[in-house]
Structures are given as C-alpha cells and as structure tokens.
Amino acid sequence: SVKGQGKNNFIIFNKSIENKTLERRLLENALRKAIKKQEFYLEYQPKLNISTNEIIGMEALVRWNHPDLGTIPPVKFISLAESTGLIIPLGEWILRESCRQTKEWQEKGYPQLRVSVNVSVRQFEDPYFIEKIKRILHEIGLDPHWLEIELTESVFADLKHTVPILEGIRNLGIHISVDDFGTGYSSLSYIKHLPIDTLKVDQSFIKDVHLNHQSKAIVSAVIHLAETIGLNVIAEGIETLEHVEALSKDGLKFGQGYFYSRPLRCEAFEEFVTNNASL
Ligand code: C2E
Ligand code: MG
Ligand code: MG
Ligand code: MG
C-alpha cells in the first residue's frame, strides 16, 4: 500500500541520515579524544625571499597523527573542527605550540624567524581570542613581533565587526596576512582600509602563472596594488623554476612552495634553516 511504501521510504531516508550523523559523530568523538590525547603535531613550511633565497619565516601547518589511520591532513578535519567548535581548543593548542617552538628555536640560537599561524573565522570570532593570544605570548615569552596570523578573506565579510579585532591584534605587534588572496570576497578597493600587513596570493593563480595570461594579469595586479598601498605580497604554491622566474619578473619578493621546501617536521626544518644560513 501507499501507506506502507511511505513508511519504508521514511525508514530508508531516516537510515541514510542516521549513517551520516553516525559517521560525523564518530569522527567528532575521535577528534575530541585526539585533542585530549594530543595526537596533533605541526609541520613548518619555510617562506623565502625569492631573489636572495634567504628564509624569512615559516608557516605552521597542523597534522593529525591518528593511532590507527596514520597521518590525517587538515582538509580532512579542519572543517569538522570548525562546525563543532572544536577548532577553539585545537586552535589554541596550535597557537601555543607554534609560539613555543619558535621561542625554542630562538633560544637555541637559530636565526630569528616569524611564524605564521592559520586562524579560522570561528576562532577569530571568539570574544576571548585576543586575550588568549596575549596570554599565550606572555606565558611563552615570545615577542608578538615574531607572530603572524593568516586569515582568509571570509573574515572580511563583516568589516564593522572585523576591523576593530584586526586593530586589536595589530596593536599587540602581531602581523596579519590575508591567505588565499584573490579567491574570496575582498574587493581591491577596500583592502587599503584594512589594518593588515601582507597579501598571500592564492596558489591557484601561481600554478599557471607562467602559461596563462589571466593568472599572470591577476598576480601582476596584486603585486602592484600591494606595492602602491604599502603591503607585502607573498606567493604560495611555487612549485617550479618557471614559477619563480615569472614571479621575479613581476617584482615579487617573497614566496613559499614545494620548489623551496615541503612543510617539514621540526628536525628537518632545523636542518633546512642551518643549510640556508650557510648559503
Ligand atoms: P593554507 O593555509 O592555504 O596552506 C597552504 C597549503 O598548501 C598547505 O596544505 C601546504 O602544505 C600546501 N602547499 C604548500 N606549498 C605547496 C605547493 O607548492 N604546491 C601545492 N600543491 N601545495 C602546497 P595543508 O598543510 O594540507 O593545509 C591545507 C589547509 O588547511 C591550509 O591552507 C589551511 O587552510 C588549513 N590548515 C592547515 N593547518 C591549519 C591550522 O593549523 N589551523 C587552521 N585553522 N587551518 C589550517
Ligand atoms: Mg595559510
Ligand atoms: Mg593559502
Ligand atoms: Mg589554501
């Protein structure tokens, strides 16, 4: 009967929702446990001056070392961490650990480098965000000058709300970089009103910058705009010498990507810095 079919459909429909919910719950529980058990670690990817090859800093990138599944990349868990709010404790750990490691490297006598930390919108909107950063820097004794936060353009959707927070962060002496620049909401016209330091050109434009006229035009425009309004520019996703050459011709100063180095665990990063210093 129609009634019976309806009931079956309802059951099937209900099951598929249940499965999704279950999968999500399992992952959410695993994530919750992983935070408690500290199953995360950070890799550091060098940022360089592309004309001198001098290292200027590093980006901290989180990885989840799952006891059964092995290393899980951030694309697999960051958005769940965001939607469940778990990004708040996880993000705090990431900030603390990257500052701690940076301070350790300074004390070990490595060249002083600025660490960049990715911060998600959810963290940025946490009313205690600035207080938390202050506390972490104070506890660790790291000068705020050595910290940069990378924010995506999504935080600029609500400027009235965003600008005072950005100003608060910058008044501490922390640098602010706009990640994945060119893929989001920002219109070039209001960039000049934002209290930020650096534009990080998205890797999608770098990939074919040496081949595609449009990508090249976009990258050139960003480089020249930034220069005019006094911002730094860095390119992410530099993979080949062709990329470096095309970008150098356009006057780009800073870059990051597999061409120079993949993100590295601490020991490998130390080695990279040591070799770089003796260039
Ligand atoms: P992102 O911040 O834009 O980071 C750049 C991503 O590109 C990283 O992937 C990096 O490993 C990768 N990459 C670097 N150079 C190259 C290259 O030359 N070619 C290619 N194809 N890729 C390159 P990863 O580590 O998997 O991170 C992906 C995204 O996950 C990050 O994008 C960021 O949005 C997020 N994420 C990573 N770590 C954190 C974190 O600690 N906190 C938060 N909130 N998000 C994070
Ligand atoms: Mg980033
Ligand atoms: Mg990026
Ligand atoms: Mg990205």
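The values are calculated or read from the model by the stated rules, or taken from the named source; none is laboratory data. From a predicted model like this one, the values you see are computed outputs, not experimental measurements. Cβ sites come from the backbone with ideal geometry, for glycine too, and all protein chains shown count toward neighbours. Remember, those area values only see protein heavy atoms, side chains included, never the ligands or the DNA or RNA. Shrake-Rupley method; radii C 1.70, N 1.55, O 1.52, S 1.80 Å.
The alpha carbon convex hull volume per residue for region 81-231 rounds to 129 Å³. The stretch between GLU125 and HIS138, if pulled fully straight at 0.36 nm per residue, gains 2.5 nm over its current Cα-Cα span. Taking the C-alpha atoms only, the angle from helix 159-171 to the longest principal axis of the chain is near 50 degrees.
Computed with a 1.4 Å probe over protein heavy atoms only, the accessible area of HIS243 comes to about 10 Å². Within the same chain, lysines fewer than 8 places from LYS20 are excluded, and of the rest, those with a Cα less than 24 Å from its Cα are LYS7, LYS33, LYS76. In the chain, the longest principal axis of the Cα atoms and the axis of helix 87-107 are about 30 degrees apart. Accessible surface calculations at 1.4 Å, restricted to protein heavy atoms, place the chain at 54 Å² per residue.
For the chain, what does the relative contact order come out to in percent, with C-alpha contacts under 8 Å and a separation of six or more? Could the numbers behind the result be given before it?
Details: 405 pairs, mean separation 49.1, N = 279.
The value is 18 percent.
If Lys and Arg each add +1 and Asp and Glu each add -1, what is the summed charge of the other residues whose beta carbon sits under 13 Å from the beta carbon of LEU194? Computed value for this residue: -1.
The spread of Cα positions in the chain, taken along each principal axis and listed from longest to shortest, comes to 76, 46, 38 Å. In the context of the full protein assembly, SER154 retains an accessible surface of approximately 50 Å², using a probe radius of 1.4 Å and ignoring ligands and nucleic acids.
Looking at region 150-258, the chymotrypsin sites (Phe, Trp or Tyr not before Pro) that sit in a DSSP loop and have at most 14 other Cβ atoms within 10 Å of their own Cβ are TYR185, TYR258. Which aspartates and glutamates does LYS132 reach when only Cα atoms under 17 Å apart count, and residues fewer than 8 places away in its own chain are ignored? Reachable aspartates and glutamates: GLU92, GLU97, ASP143, GLU148, GLU150, GLU167. Rounded to the nearest 10 degrees, the angle from helix 2-37 to the longest Cα principal axis of the chain is 40 degrees.
Can you pull the accessible area of LEU22 for me, 1.4 Å probe, Å² to the nearest 10? Estimated to the nearest 10 Å², LEU22 gives 100 Å².
Ignoring aspartates and glutamates fewer than eight residues from LYS160 along the same chain, the ones with Cα atoms less than 17 angstrom from its Cα are GLU125, ASP126. Estimated from helices alone, the mean residue ellipticity of the chain at 222 nm is -16000 deg cm²/dmol (sum of -39500 (n - 2.57) over DSSP H runs with n ≥ 4, per residue).
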